[in-house]
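Everything on this sheet refers to the single structure shown next.
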């Protein structure tokens, strides 16, 4: 049955606990700019896709938060509606417009309508801005759209002309209809099949709760075994992986069946997993150790595409107490596969098929170091000059991992930078625009130009504060002449960077970044 709902109705149903996030959904991963783009699509009247809900009388033992919000218990008894498709969109809309729940994190960035934006189909009229970036005469807080009191307070600050404009904008959100489809079933496998078909583009599955609650009803000792494995994973420094049970189930299915599709996972029996648990444990711990020791990926948050762990775990799966001993040639081939997978964004889509293929390839390599491994191509499927830096997105993690291979130094002090800690801590004080943000804004550069990957390096907090918003020509003089070449080379920054205009700098640094990436991918 097809239904429609307004944004206000969706917010009301989420706030009442009627619409919920099932355990098998991935986490909220959208960047603030993606949320702003969604609002721009609504503003322009573009379709944003259908929301698919699973209506059921069976409450799951474990449910997820909706983004940064803990959902209340339903105000009424069953049924409830679990989100099968549209979680990122619903979470975005709820996070922007709801006013009743307090967020569990301060990471959320508010969205604003730009009153000075051009009426362009391509350019977004909505911006995600930090508090210090907001101009009250230009940027209107869209969070007030569904709160009449706050909305009137905000509009009272505007000119009459801008009040007319923003009233028209608000009306589009008040009247926008989101199509939704309600899928009713109590059959777990039907849910898994629907979820797989919806998410063929590569969404990570998390069916652990469903599997343990139904398929493993006779084998709860396996849940305990996985709980024990979590402690060991944490001891190896990958504690964030302990929250990703879906990935662990993919590892399990990959090792036992060579396949990671939802149907394969749900067809696993308790006996199969119990009989292979030593292999599963050794495979996962072996993969983590290889990532840390050979590829310098010291913790889970640093891994751009977690799905890489699945084929790698199959290579290290063994019953032997001492694990799998690999040769230098196998190490080299696995490293090439790893870097090519990152730069081609291999595991950003079509995950099931690609994991199955790479499991097969790595098992053949495991049995014969001279096997003619079928690598992904040498290709970089993102642009360092156009992709924006954000510590949580895959392209930025790839940049960080790549720079980590050449031991970057802070530009002024020459202190070694541990990029592993940079990403783990999430500190904004450890990375910095090479051409400072305020400096480029004074030159009239757009945010996308300023925040591109090619304009980022990593600094100590002290060096960051010293550079501040100085021009490259100004702070370049602060770099010790005797160490300048070493420091700049370690960050892949052109030696004459302070004498270049911004476009010339981006071209030169892009060439250096591409050169390093290609060297990591080369046989």
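The values are calculated or read from the model by the stated rules, or taken from the named source; none is laboratory data. Being a predicted model, the structure only gives us computed values, none of them experimental. Neighbour counts are summed over all protein chains in view; Cβ atoms, including those assigned to glycine, are modelled from backbone coordinates with ideal geometry.
Of the numbered criteria (1) in contact with a helix residue (DSSP H, G or I) (Cβ under 6 Å, 6 or more places away or on another chain); (2) farther than 30 Å from residue 329 by Cβ, the one residue 501 fails is (1).
Restricting attention to region 364-389, and to residues there that are surrounded by 15 or more Cβ atoms within 10 Å (Cβ to Cβ) and under 19 Å from the mean Cα position of the chain (by Cα), which single residue is farthest from residue 34 (Cα to Cα)?
If we filter region 364-389 for residues that are surrounded by 15 or more Cβ atoms within 10 Å (Cβ to Cβ), which is where we start, we get 365-366, 369, 371, 373, 375-376, 378, 380, 382, 384-385, 387-389.
Still in the list and also under 19 Å from the mean Cα position of the chain (by Cα): 380, 382, 384, 387-389.
On the way: 380: 22, 382: 17, 384: 19, 387: 13, 388: 12, 389: 13 Å.
Among them, the one singled out is 380.
Without any contact (Cβ under 8 Å) to a residue 40 or more places away in the chain and either crowded, with 20+ Cβ neighbours inside 10 Å or assigned to a helix (DSSP H, G or I) (or both) - does that describe any residue in region 356-363? Spell out the reasoning first.
First, pick out the residues of region 356-363 that are without any contact (Cβ under 8 Å) to a residue 40 or more places away in the chain: 357.
Still in the running and either crowded, with 20+ Cβ neighbours inside 10 Å or assigned to a helix (DSSP H, G or I) (or both): 357.
Within region 356-363, one or more residues are without any contact (Cβ under 8 Å) to a residue 40 or more places away in the chain and either crowded, with 20+ Cβ neighbours inside 10 Å or assigned to a helix (DSSP H, G or I) (or both).
Among the residues of region 467-504, those identified as exposed (fewer than 14 other Cβ atoms within 10 Å of the Cβ) and touching a residue at least 40 places away in the same chain (Cβ under 8 Å) are 478, 480, 486. Here residue 347 clears all of (1) assigned to a loop (DSSP other than H, G, I, E, B); (2) in contact with a helix residue (DSSP H, G or I) (Cβ under 6 Å, 6 or more places away or on another chain) except the condition numbered (1).
Give the residues of region 408-431 that are within 19 Å of residue 395 (Cα to Cα) and at pLDDT 65 or above, sorted by residue number. The answer is 408, 418, 430, 431. Among the listed residues 137, 161, identify the single one that is assigned by TED's automatic domain parsing to the domain that holds residue 15 and modelled with pLDDT under 90. Of 137, 161, the one residue that is assigned by TED's automatic domain parsing to the domain that holds residue 15 and modelled with pLDDT under 90 is 137. Residues being farther than 28 Å from residue 405 by Cβ and either touching a helix residue (DSSP H, G or I) at 6+ places or on another chain (Cβ under 9 Å) or outside any loop (DSSP other than H, G, I, E, B) (or both) are entirely absent from region 290-302.
Every residue, every condition in (1) within 30 Å of residue 185 (Cβ to Cβ); (2) in contact with a helix residue (DSSP H, G or I) (Cβ under 6 Å, 6 or more places away or on another chain); (3) surrounded by 21 or more Cβ atoms within 10 Å (Cβ to Cβ), yes or no:
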| site | (1), (2), (3) |
| --- | --- |
| 67 | yes, yes, yes |
| 79 | yes, no, no |
| 93 | yes, yes, yes |
| 119 | no, no, no |
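Among the residues in region 246-265, are any farther than 20 Å from residue 353 by Cα and surrounded by 19 or more Cβ atoms within 10 Å (Cβ to Cβ)? No, region 246-265 has no match at all. Residues in region 88-118 that are part of a loop (DSSP other than H, G, I, E, B), free of Cβ contacts under 8 Å to residues at least 60 places away in the same chain and closer than 30 Å to residue 160 by Cα: 99, 110, 115, 116, 117, 118.
Taking the condition over 20 Å from residue 515 (Cβ atoms), part of a helix (DSSP H, G or I), in contact with a helix residue (DSSP H, G or I) (Cβ under 9 Å, 6 or more places away or on another chain) and not assigned by TED's automatic domain parsing to the domain that holds residue 128, does residue 374 pass? So residue 374 fails the test. Against the list (1) in contact (Cβ under 8 Å) with a residue 40 or more places away in the chain; (2) touching a helix residue (DSSP H, G or I) at 6+ places or on another chain (Cβ under 7 Å); (3) assigned to a loop (DSSP other than H, G, I, E, B), the condition residue 379 fails is (1). Checked against (1) part of a helix (DSSP H, G or I); (2) within 25 Å of residue 21 (Cα to Cα); (3) in the same structural domain as residue 11 (by TED's automatic domain parsing), residue 150 meets all criteria but (2).
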